[in-house]
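Participant: My questions will all concern the structure given below.
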Amino acid sequence: MSTEVAPVDYSDLLQDIQQFYDETTVSVFCPVANIKLKFKPLTVKQLKTFIELQVATEKDDFGVIQGIDTVKYINQLIMDNCVNFEEKLFYQLTPMDRDAIVLQLRANVKNKAEVAMGEDDTQDIDLNDIVEKLKTIKFSAKNKTKTHTTKFSSGTLTVNLRLPSIVVDGVVNEHFRGKIEPKLKKGKKHIEKEVETILSDVYFLEISKYIGDITVDKGKTKSTISFDDQQTIQKSLEFLESLPSSVIAQVSEYVGTIKEYRDSVFSYTDSEGKEVPLNVDISLFTGI
């Protein structure tokens, strides 16, 4: 007596898998936005894409465009995997929150990760230890914004600082892509000649992400230059370059304060007992 094997109904299987994702969500905490979100677990396809992005980045001598593309992919992943995602969420979340999401989704796949300790040395770390710090070490609300006012003979110059949202981060990244891509097309030798300029542009643009606006108040007239508007970002950056270097120093100090918090939570203990900042990037997905 033989038993007939029914053909596989892939549509039914896909429905079953979707049900699994709906019922097995991952609770993720975003430390800066101070909100909890529910995410569907990462799929095998998404893990493969992370590995492919890592390989592509390693092949890129400068990794600039690949880095921007990776960020865009992670943004898309958040949209796809976040339960009940709404566009306004990208105005609430910061790049640090995005890193927290990536780390927690990675820890859900496998809590152990191998990190490089040098050219030939690696160390296994427990990502759950970092996840716990994300949930317990609070981000100070007073550091979400900061204002610096400088007086001069005919008025004041006020710089309003804040953490960039994912939207602002994307606007600046795309602006930089537009500047760098024509140079990349000229070839490696051309880029090598301009590497110092490129690196200074990267630093300057990263700094600019933390500026909300700058206001010049002369009493009778007040002008505000926004750094959130994609249409005027080039003019805003040109204006920033014309300001005294003390303005950049103020922004840099603020960024340093944010980095101190970031390094305190996104960190692990190395083999010598020292706290080491963890780079939250796609290299975390190799070796799964």
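Participant: Along the Cα-to-C-beta direction of ASP121, a point sits 7 Å from the Cα; which residues of segment 244-288 have their amide N less than 16 Å from that point?
Facilitator: 268-277
Participant: Moving to a separate point now. So what's the angle, to the nearest 10 degrees on a 0 to 90 scale, between helix 195-208 and the longest Cα principal axis of the chain?
Facilitator: 90 degrees
Participant: Evaluate E = 1/(1 + (r/R0)^6) for SER245 and THR24, where r is the Cβ-Cβ distance and R0 equals 51 Å; express this FRET efficiency to the nearest 0.05.
Facilitator: The calculated FRET efficiency here is 0.45.
Participant: Out of the GluC sites (Glu not before Pro) in segment 41-117, which ones are loop residues according to DSSP with at most 13 other C-beta atoms within 10 Å?
Facilitator: GLU86, GLU87
Participant: Using each residue's phi in segment 99-115, evaluate 6.51 cos²θ - 1.76 cosθ + 1.60 at θ = phi - 60° and report the 3J(HN,Hα) Karplus result to the nearest Hz, with x for Gly and Pro.
Facilitator: Karplus values, whole Hz, x for Gly and Pro: 4, 5, 5, 4, 4, 6, 5, 5, 5, 5, 6, 7, 6, 8, 9, 9, 10.
Participant: What number, in percent, do you get for the relative contact order of the chain if the mean sequence gap of Cα pairs under 8 Å and at least 6 apart is divided by its residue count?
Facilitator: With pairs under 8 Å counted, the relative contact order is 19 percent.
Participant: Also, quick follow-up: Taking only the Cα atoms of segment 197-240, how large is their convex hull per residue, in Å³? Walk me through the intermediate numbers first.
Facilitator: Numbers: hull volume 3.4 nm³, N = 44.
Per residue, the Cα convex hull of segment 197-240 comes to 76 Å³.
Participant: Starting from the Cα-Cα distance between GLU275 and LYS142, subtract it from 0.36 nm times their residue separation and give me the gain in nm to one decimal. Walk me through the numbers on the way to the answer.
Facilitator: On the way: separation 133, 0.36 × 133 = 47.88 nm, distance 2.51 nm.
Contour length minus the Cα-Cα distance gives 45.4 nm.
Participant: Say the dipole of the chain comes from +1 at the beta carbon of Lys and Arg and -1 at that of Asp and Glu; which of ILE198, SER226, LEU47 then lies farthest toward its positive end?
Facilitator: Result: SER226.
Participant: Something else: Between VAL276, ASN108, ILE166, whose Cα lies farthest towards the positive end of the dipole of the chain when Lys and Arg beta carbons carry +1 and Asp and Glu beta carbons carry -1, centred on the Cα centre?
Facilitator: Sorting the options by dipole projection puts first ILE166.
Participant: Moving on to the next point. Can you give me the Cα centroid spacing of segment 207-253 and segment 124-165 in angstrom?
Facilitator: Taking the Cα centre of segment 124-165 as reference, the centre of segment 207-253 is 18 Å away.
Participant: Evaluate the charge dipole of segment 46-159 about its Cα centre and quote only its size in Debye, nearest 20, assuming +1 on the Cβ of each Lys and Arg and -1 on the Cβ of each Asp and Glu.
Facilitator: 960 debye
Participant: When the Karplus curve 6.51 cos²θ - 1.76 cosθ + 1.60 is applied with θ = phi - 60°, which whole-Hz ³J(HN,Hα) does each residue of segment 156-161 get, with x for Gly and Pro?
Facilitator: 9, 10, 10, 10, 9, 9
Participant: Calculate for the chain the 222 nm mean residue ellipticity that helices alone would give, adding -39,500 (n - 2.57) per DSSP H run of length 4 or more and normalising by residue count, nearest 500 deg cm²/dmol.
Facilitator: Numbers: 11 runs with 146 residues, N = 288.
It comes out at -16000 deg cm²/dmol, rounded to the nearest 500.
Participant: Let me understand the chain better: what is its radius of gyration from the alpha carbons, and its Dmax, in angstrom?
Facilitator: Using the Cα atoms of the chain, the pair Rg, Dmax is 22.5, 101 Å.
Computed from the coordinates by the stated procedures, all read-outs in this text should not be read as laboratory data. Here the structure is a predicted model, which is why all the values come from computation and not from measurement. No Cβ is skipped: glycine too gets one built from the backbone with ideal geometry, and neighbour counts run over all protein chains shown.
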